[in-house]
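Colleague: Could you have a look at this structure, given as structure tokens, before my questions?
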């Protein structure tokens, strides 16, 4: 028999051994291949280990979820702080001729000359002074005890 014939016969033999409808070597599979075959079931210690691993996975996921929630809270606090710093810089760069009082509400306007901080709301200015009307209002701010400003309404 030629080398080509031997290769062909060995390939056919492999196909027969590993075909789905006929299995000549049942010891190669990990489950019982006949009705009277040996039953493979997890041991009691294996079941305990799997139960412990499931509990570990569950507890770990709960803790990771808690950490994620804490991270979201910290990110929100960092964004709020960043916003307060930005609005504080904007107000400190604006013009105002009074000493701000902690806890009081002020109004930041944008005019042709720049930003202006005022004690008066757009309604207080009325219609007769459009320079500081509703259209030029940048935001309503509060002066905080830590000498920063909090944007209440944009």
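Colleague: Please determine whether any residue of the range 100-111 is farther than 16 Å from residue 142 by Cα and either touching a strand residue (DSSP E or B) at 6+ places or on another chain (Cβ under 9 Å) or in the same structural domain as residue 146 (by TED's automatic domain parsing) (or both).
Modeller: Within the range 100-111 (the criterion being farther than 16 Å from residue 142 by Cα and either touching a strand residue (DSSP E or B) at 6+ places or on another chain (Cβ under 9 Å) or in the same structural domain as residue 146 (by TED's automatic domain parsing) (or both)), the answer is yes, since at least one residue qualifies.
Colleague: Can you tell me which residue in the range 108-146 is modelled with the highest pLDDT, limited to those that are surrounded by fewer than 11 Cβ atoms within 10 Å (Cβ to Cβ) and under 13 Å from residue 94 (Cβ atoms)?
Modeller: Across the range 108-146, the extreme among qualifying residues is 114.
Colleague: Tell me whether the range 71-90 contains one or more residues that are surrounded by 12 or more Cβ atoms within 10 Å (Cβ to Cβ) and in a loop (DSSP other than H, G, I, E, B).
Modeller: Among the residues of the range 71-90, not one is surrounded by 12 or more Cβ atoms within 10 Å (Cβ to Cβ) and in a loop (DSSP other than H, G, I, E, B), which makes the answer no.
The values are calculated or read from the model by the stated rules, or taken from the named source; none is laboratory data. Model, not experiment: these values are computed from the prediction. FYI the Cβ positions are ideal-geometry reconstructions off the backbone, even for glycines, and counts take in every protein chain you see.
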